[in-house]
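One structure is given here, and the rest of the page talks about it.
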Amino acid sequence: MTTRPAPLGLDLLPGDPVQLLSPAGEAVGELPAPEVLLDLHRRLVVGRRFDRQAQALVKQGRLAVYPSSSGQEACQVAPVAALQPTDWVFPTYRESVALVSRGIDPVEVLTLLRGDWHCGYNPREWRTAPQCTPLGTQAPHAVGLAHAARLKGDDVVALCFLGDGSTSEGDVHEALNFAAVYQAPVVFLVQNNGWAISVPLSKQTKAPSIAHKGIGYGVPGVRVDGNDAAAVWSVTQTAIGWARAGNGPTLIEAHTYRMDAHTNADDATRYRTEEELTGWRDKDPVERLERYLRTAGLLTDEISSGVAEEAEALATDLRTRMNEDPKVDPLELFEHVYTRPTASLRAQREALSAELAAHEEDAR
């Protein structure tokens, strides 16, 4: 249980999803400051352009796979924007847009999906854990880091991204329970996009909502309109402040929708209908925020053009650099496996080295 009354919206029993902007772009709640909204808009536009370019790179054979974030951009850029540079992010495989929004080089973000390295960026430098493909395994790591930081007296909050499907995993249960008991400063943000590949939410849980699961752990749960960037930012910022003040974790359920297939290897037409997609297109997070900013006179043509140019420049640079063939060394496979390589690992490395040398000799 919390040590003191939680701020508005962070109660054990979640209410209706928090919404500050209607799908039509009309203010229906207290909005963040204009500079925050403009920053969110910029991040959304840049993030979507990056996402589309990444999808194109798959078709060009430059990426092995890519899980699109189209339609979920607000759930990715808004939480990252609410963090401090000293905070940590624990992403899933789908958080490429969040990582780019955090400032990580887009090429380094896509290195994992290109098949070059297990992680293309320095996690310590960016305070961002490697993108996680197995469901939910990053959740205990987020709690462990946050708990350790709390014991050391470090001002650190861990933001753990999750998908709705991962809430069926034991790792997530253990992470929530431990975080609650030890009041670890963690924010669990579940992007409920309705599907875990082809498995609908109705086959994941019988709970009234994912946020309701927090009750069993004594963790405040809150639901938010995941296509409303302003609402996601506000809710996440409140949860981050709650954790930073020593009150423990929060479970946020962001209701959103992935407009594209699970990955380029998935055929979503086998389990989703066009009618379902049409309904969510009307809730587009980028268009929603842009409508409000235009109506409020905050987004001018000049600002909009500048953001579009920034997004296009990023896409152009990404495309150019990703079209260069990477220089790979097969022996790098043995690096960072163990601090002290085992005898069998050393033997494997020597065998591969000899094979590579023989191949090079034959090629002469």
Kindly evaluate Gly29 against the criterion of being assigned to a loop (DSSP other than H, G, I, E, B), touching a Phe, Trp or Tyr at 6+ places or on another chain (Cβ under 8 Å) and either crowded, with 16+ Cβ neighbours inside 10 Å or on the phi < 0 side of the Ramachandran plot (or both). no
- Can you find a residue in the stretch 256-265 that is farther than 24 Å from Val46 by Cβ and of a type outside the set (A, V, I, L, M, F, W, C)? no
Flagged pairs (Cβ under 6 angstrom, 6 or more apart or on separate chains; first in the stretch 229-249, closer than 12 Å to Phe188 by Cα; second among the polar types (S, T, N, Q) and in a loop (DSSP other than H, G, I, E, B)) are Gly248/Gln183
Exercise. Before we move on, is Leu298 over 25 Å from Arg258 (Cα atoms), assigned by TED's automatic domain parsing to the domain that holds Gln53 and touching a helix residue (DSSP H, G or I) at 6+ places or on another chain (Cβ under 7 Å)?
Worked result: yes
The one condition Thr295 fails out of (1) surrounded by 12 or more Cβ atoms within 10 Å (Cβ to Cβ); (2) under 30 Å from Pro67 (Cα atoms); (3) in contact (Cβ under 8 Å) with a residue 40 or more places away in the chain is (2)
Among (1) under 25 Å from Arg62 (Cβ atoms); (2) within 25 Å of the chain's Cα centre (by Cα), Leu331 falls short only on (2)
Out of (1) free of Cβ contacts under 8 Å to residues at least 12 places away in the same chain; (2) among the aromatic types (Phe, Trp, Tyr); (3) closer than 22 Å to Ala64 by Cβ, the one Tyr338 does not meet is (3)
How many residues of the stretch 120-153 are buried (at least 16 other Cβ atoms within 10 Å of the Cβ), closer than 15 Å to Gln183 by Cβ and not small (Gly, Ala, Ser)? The answer is 4
Here the qualifying pairs (Cβ atoms under 6 Å; residues six or more apart or on different chains; first in the stretch 207-228 and without any contact (Cβ under 8 Å) to a residue 60 or more places away in the chain; second not in a loop (DSSP other than H, G, I, E, B)) come out as Ala207/Lys213; Ile210/Thr167; Ile210/Val190; Ile210/Asn192; Ile210/Glu253; Tyr217/Leu176; Tyr217/Asn177; Tyr217/Ala180
Screening Val65, Val36, Val77 for residues that are over 17 Å from Ala311 (Cα atoms) and either assigned to a helix (DSSP H, G or I) or free of Cβ contacts under 8 Å to residues at least 24 places away in the same chain (or both) leaves only Val36
By residue number, the members of the stretch 154-181 that are over 27 Å from Gln72 (Cβ atoms) and loosely packed, with under 15 Cβ neighbours inside 10 Å are Asp154, Asp155, Val181
Residue set Gly115, Gly103, Gly120; condition at pLDDT 95 or above, small (Gly, Ala, Ser) and over 18 Å from Leu162 (Cα atoms); output residue Gly103
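The values are calculated or read from the model by the stated rules, or taken from the named source; none is laboratory data. These figures come from a predicted structure and were not determined experimentally. Backbone-built Cβ (ideal geometry, glycine too); neighbour counts: all protein chains shown.
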